[in-house]
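Q: One structure follows; several queries about it will come next.
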Amino acid sequence: NIPMLKLEDFDFEPYSPSVVALFHCRQLEDVSHQKRLATMFIEKVKLCQCIGRVLFAQYAPSQRQFGATDRTTVTLIPRQASESEFTRCSQKLDSWLSALPKDAQFIPASRNNFRDGEDVLLLHGAMLRMLYHATTSALHRPWAAQSKDQSKARLEWRNKARTKMQDAATGITNIIQGLNQLNLTRFLPQTGVTVILPAAVAHLS
């Protein structure tokens, strides 16, 4: 119930020379880098809205544990949403990707064309794109499972879902391999593991 973030909500300005000298970070002094990071952040928030809709439509919580525990507190079980809700989720994801601003797009790079601080932007762009692929995989996973319904239409849905999951796994794998060649995977956040899992599962199956 609050407005979507805009670039105007951020304060863009270079930090003081003493701070820049202390951390040696291009983003602290380059406003254009700050704006690109803010753009990626806004787009991630928009993608999280899509993720919320996918999880609500396609998954149901089956286990809840509260209090001090070292176990997973909520387990999500895949379920099939209606075809209309599935289509709406798919359309929202497609719309998000097609409207992605240039500053938030992931463009693979080689080690030779890095400039100061560009690796940071590349890493954030890679995470954003992998999160999109992981969401696509989560959306199609329930439809890719075996079903008692063996009608022609159901088999077509299943095959299409499996193709989408495989495409998403390939997309994640290519990005990870590129980051690994640049020695950047060590800088991935914890959510990097989360986005790699769907690719691993798809490849194993």
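The values are calculated or read from the model by the stated rules, or taken from the named source; none is laboratory data. Only a predicted model underlies this, so the values are computations on that prediction, with no experimental measurement involved. Here Cβ is always computed from backbone atoms with ideal geometry, including for glycine, and neighbour counts include all displayed protein chains. Accessible surface areas use protein heavy atoms only, side chains included; no ligands, DNA or RNA. Shrake-Rupley method; radii C 1.70, N 1.55, O 1.52, S 1.80 Å.
Q: Only one of these is open to solvent by 40 Å² or more (accessible area, probe 1.4 Å) and under 28 Å from residue 189 (Cβ atoms): 108, 142. Name it.
A: 108 is the lone residue from the list that is open to solvent by 40 Å² or more (accessible area, probe 1.4 Å) and under 28 Å from residue 189 (Cβ atoms).
Q: Would you confirm whether or not segment 102-124 contains a residue that is touching an Asp or Glu at 6+ places or on another chain (Cβ under 9 Å) and within 21 Å of residue 202 (Cβ to Cβ)?
A: no
Q: Then there's this: Of the residues in segment 84-105, how many are in contact (Cβ under 8 Å) with a residue 60 or more places away in the chain and open to solvent by 30 Å² or more (accessible area, probe 1.4 Å)?
A: 2
Q: Taking into account only those residues within segment 56-72 that are open to solvent by less than 100 Å² (accessible area, probe 1.4 Å) and outside any strand (DSSP E or B), which is modelled with the highest pLDDT?
A: Out of the qualifying residues, it is 57.
Q: Now for a different question. How about segment 146-179: which of its residues are aliphatic (A, V, I, L, M) and exposed (fewer than 12 other Cβ atoms within 10 Å of the Cβ)?
A: 153
Q: Does segment 1-35 hold any residues that are in contact (Cβ under 8 Å) with a residue 60 or more places away in the chain and outside any loop (DSSP other than H, G, I, E, B), and which are they?
A: If the condition is that a residue be in contact (Cβ under 8 Å) with a residue 60 or more places away in the chain and outside any loop (DSSP other than H, G, I, E, B), then 26, 27, 33, 35 are the ones that fit.
Q: Same structure again: Could you grab me the full set of residues in segment 15-56 that are under 19 Å from residue 92 (Cα atoms) and among the charged types (D, E, K, R)?
A: Matches in segment 15-56: 43, 44, 46, 53.
Q: Pick from segment 14-34 the residues that are open to solvent by 90 Å² or more (accessible area, probe 1.4 Å) and in contact with a helix residue (DSSP H, G or I) (Cβ under 7 Å, 6 or more places away or on another chain): which of them is farthest from residue 124 (Cα to Cα)?
A: 15
Q: Then there is this: Residues 124, 133: which one is in contact with a Gly (Cβ under 7 Å, 6 or more places away or on another chain), open to solvent by 10 Å² or more (accessible area, probe 1.4 Å) and not in a loop (DSSP other than H, G, I, E, B)?
A: Exactly one residue qualifies, and that residue is 133.
Q: Tally time: how many residues in segment 180-205 are closer than 16 Å to residue 139 by Cα, surrounded by fewer than 18 Cβ atoms within 10 Å (Cβ to Cβ) and touching a Gly at 6+ places or on another chain (Cβ under 9 Å)?
A: The number of residues fulfilling the criteria is 0.
Q: Name, by its number, the condition in (1) under 22 Å from residue 56 (Cβ atoms); (2) modelled with pLDDT of 90 or more that does not hold for residue 145.
A: Against the list (1) under 22 Å from residue 56 (Cβ atoms); (2) modelled with pLDDT of 90 or more, residue 145 comes up short only on (2).
Q: Can I ask one more? Take the conditions modelled with pLDDT under 85 and either exposed (fewer than 14 other Cβ atoms within 10 Å of the Cβ) or within 27 Å of residue 124 (Cα to Cα) (or both) and apply them to residue 53. Does it pass?
A: So residue 53 fails the test.
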